[in-house]
Amino acid sequence: MKIPSVSRRRAVFDQSVMTPLIDVVFQLLIFFMCASVGHIREWLMPFDFGAGTGIQSAMPVEKPLGDVWIRLSRRNDQTLVNIAGTDYPEWAAVAAVLQALGETAAEIPVILDIAPNVPMQDVIRVDDLCRRAKFESVSFAAGESPQSATDPAGQ
Amino acid sequence: MKLPTAHRTPLEMNLTPLIDVVFLLNIFFLVAAYYIRHEQVDPVQLPLAQEGVEDVESSARVVVTVTANGILTLGSNVVSVDEAVQRVAEVHAEHPDGAEFRLRCDQLTEYSAVEPLLLGAVEHGVTKVRFSVLPK
């Protein structure tokens, strides 16, 4: 019986094993390239609402520092931001005021009172500015007046 | 006449074409599913934000897309506000940790289209609400 030499056996091994391996590697490469095309990485703005029906409790909770009401309204196709009774038409001014408030007392609860026709980009922008100012609690108001605000619906 | 012997060429099973075909089918279904999904779901331009957080895997998640026109889609199906809230409430009741309610709103979506969803979710005890954004 003739036994193949070492070099002959190595040649057979290379031919029979390496080709499928390369095939599989290239197919996997194409697979993951196709899977990653068009995938846009999204971020999240989390809100952890307090469980409840959104009705303010009968017993008022004492808040020594009060709270900050931010009202968003729409006028002439522009969003108008009112912070604690003062209008700020420019977003830079809104950011500066919120930053100053956050540095002073970030524990003050912020309540967003949003008009129905305000676009979500501006809602998210105000929330984004509040987070950047390190406010601990941002809530959504359920109605127009301060008395109808939802109980803690904050970050 | 010289007859060929039976054991001149040993029979070998070549798996290479099989692997090729399987992976090509895999790629085909992947690409097909991608295009089908993007045809059915209305595209939304998500709001931009700087303080967003990374996506965290949740055991129970309901994703509702709100287009600029206020149309709600849940899993490529157009739904009403009540149907979306009902779905969130069902998932929330099925999972002890509670459901995550994820809202994918367009930048131009008015708050009036989102507020009923928030109120309905809170009324059913859903506490985890997430707005999808794109990093600015």
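The values are calculated or read from the model by the stated rules, or taken from the named source; none is laboratory data. The shown structure was predicted, so the numbers you read here are calculated from the model rather than taken from an experiment. Every residue, glycine among them, receives a Cβ derived from its backbone with ideal geometry; neighbour counts consider all protein chains shown.
When we screen B:Phe23, B:Phe28 for residues that are surrounded by fewer than 13 Cβ atoms within 10 Å (Cβ to Cβ) and either more than 30 Å from A:Arg125 (Cβ to Cβ) or modelled with pLDDT of 80 or more (or both), the only hit is B:Phe28.
Considering region B:22-136, the qualifying strands (runs of 3 or more DSSP E), each wholly inside and each with 2 or more residues that are within 20 Å of A:Thr79 (Cβ to Cβ), run over B:100-105, B:128-135.
Could you please find all residues in region B:72-91 being surrounded by 15 or more Cβ atoms within 10 Å (Cβ to Cβ) and over 18 Å from the mean Cα position of the chain (by Cα)? The answer is B:Val81, B:Val85, B:Ala89.
Among residues of region B:13-36 that are in contact (Cβ under 8 Å) with a residue 40 or more places away in the chain, none has a beta-carbon under 6 Å from a residue that is hydroxyl-bearing (Ser, Thr, Tyr) and surrounded by 13 or more Cβ atoms within 10 Å (Cβ to Cβ) at least six positions away or on a different chain. The C-beta contact set for region A:90-101 (first residue within 15 Å of A:Lys134 (Cα to Cα), second residue of a type in the set (Gly, Ala, Ser), distance under 7 angstrom, 6+ apart or interchain) comprises A:Leu98/A:Ala133; A:Gln99/A:Ala133; A:Leu101/A:Ala133.
The residues of region B:92-136 that are surrounded by 16 or more Cβ atoms within 10 Å (Cβ to Cβ) and of a type in the set (Lys, Arg), listed by number, are B:Arg102, B:Arg104, B:Lys128, B:Arg130. Collect the residues in region B:116-136 that are within 7 Å of chain A (Cβ to nearest Cβ), within 23 Å of the chain's Cα centre (by Cα) and not aliphatic (A, V, I, L, M), keeping them in residue-number order. Hits for region B:116-136 are B:Thr127, B:Lys128, B:Arg130, B:Phe131, B:Ser132, B:Pro135.
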